[in-house]
Amino acid sequence: MRDRVPVVVQGSGRRGRRAGLAGALWAGAELIVTVGVVVLLLVVHQVWWTNRQAVAAAQEQVQALERAWGEGPVVGGGAEVGGGGEAEVGGGGGPVVGPEPGGPADSGAAPAATRAARDRAYAVLRVPRLGLVVPVAQGVDKRAVLDKGYAGQYPGTAGPGAQGNFALAGHRNTHGEPFRYINRLRAGDELIVDMRGRRYTYVVGKILGETTERDTGVIAPVPRSVVKPDQGYSEPGAYITLTTCTPEYTSKYRLVVWGTLLKSS
């Protein structure tokens, strides 16, 4: 019998290693694509779907208010809905102007009755230049007020039409983003606040393009920046203040629009 010469197949182990590497790379690519799709869906939900939900809910609230005002008795204006004095918004690290990225901007724990009132709007803000119609509620808590697409009144600031500063905060991006385009406002533009039986018309006077979140002077009874003292007012009056985050999709700084009361009816 002849001895058989063993046949050695060259490269079979190498091909196996290559196949294994290719499989690992393919699995890694699939994982990256899957993660990318999940992240994209989260972004779509945050930027698009939350906007749709908040805008729809806010408009329903405006319609509900207008229906209630049409059914109920007329009540005179000028009441200080938010109370008087300077607002100090934010806890722990000191006053904060506008919503904090990590949570509520209100300070401390509010009484139950106050918390319950915050999710109910009491006025409507109209900005003709922007085509904006948004409900106004008390407080600047993100979950209870701002994330619903509302404008929130800083605690302790004057009510619509009253002497002092009627100061509001609103999201610039996501959750209805009612204040997204307030940077487009110009001196002379009207800011209209409707309450039951009353309308207060303010006119934009000054705009502060950027200040820090700790600049509480912008929502003081006589609004004046403490960061940029040449910006703001020096005489008592009936003011309105709109604040939001800037630049867009960040919360690093605050954009501020000020107006003065033109008339009430």
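Taken together, the values in this text are just the output of simple stated rules run on the coordinates, not laboratory data. Keep in mind the model is a prediction, meaning the values are calculated, not measured. Backbone-built Cβ (ideal geometry, glycine too); neighbour counts: all protein chains shown.
The residues of region 220-259 that are touching a Cys at 6+ places or on another chain (Cβ under 8 Å) and either over 15 Å from Asn173 (Cβ atoms) or outside any loop (DSSP other than H, G, I, E, B) (or both), listed by number, are Tyr253, Arg254, Leu255.
Total residues in region 125-142 satisfying the condition of being surrounded by fewer than 22 Cβ atoms within 10 Å (Cβ to Cβ) and among the small types (Gly, Ala, Ser): the figure is 1.
Counting the residues of region 208-219 that are more than 14 Å from Leu168 (Cα to Cα) and among the hydrophobic types (A, V, I, L, M, F, W, C) gives 1. The number of residues in region 138-197 being part of a loop (DSSP other than H, G, I, E, B) and either on the phi > 0 side of the Ramachandran plot or free of Cβ contacts under 8 Å to residues at least 12 places away in the same chain (or both) comes to 10. Only one of the numbered conditions (1) under 30 Å from Glu71 (Cβ atoms); (2) crowded, with 20+ Cβ neighbours inside 10 Å; (3) hydrophobic (A, V, I, L, M, F, W, C) is not met by Ile219, and that is (1). For region 191-203, a residue qualifies if it is of a type in the set (A, V, I, L, M) and under 16 Å from Val134 (Cβ atoms), and the qualifying residues are Leu191, Ile192, Val193, Met195. Quick check, is Arg254 under 23 Å from Glu66 (Cβ atoms), touching a Gly at 6+ places or on another chain (Cβ under 8 Å) and of a type in the set (D, E, K, R)? Spelling it out, it is not the case that Arg254 is under 23 Å from Glu66 (Cβ atoms), touching a Gly at 6+ places or on another chain (Cβ under 8 Å) and of a type in the set (D, E, K, R). Only one of the numbered conditions (1) within 20 Å of the chain's Cα centre (by Cα); (2) outside any strand (DSSP E or B) is not met by Gly209, and that is (2). The sole residue among Ala162, Ala137, Ala158 that is within 24 Å of Trp69 (Cα to Cα) and within 16 Å of the chain's Cα centre (by Cα) is Ala137.
Condition check ((1) more than 26 Å from Thr50 (Cα to Cα); (2) in contact with a strand residue (DSSP E or B) (Cβ under 9 Å, 6 or more places away or on another chain); (3) of a type in the set (D, E, K, R); (4) buried (at least 18 other Cβ atoms within 10 Å of the Cβ)) across all residues:
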| position | (1), (2), (3), (4) |
| --- | --- |
| Gly159 | yes, yes, no, yes |
| Leu168 | no, yes, no, yes |
| Pro178 | no, yes, no, yes |
| Gly188 | yes, yes, no, no |
| Val193 | no, yes, no, yes |
| Arg198 | yes, yes, yes, yes |
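When you look at Thr241, is it within 30 Å of Trp69 (Cα to Cα) and either surrounded by fewer than 19 Cβ atoms within 10 Å (Cβ to Cβ) or touching a helix residue (DSSP H, G or I) at 6+ places or on another chain (Cβ under 8 Å) (or both), yes or no? Answer is yes for this residue.
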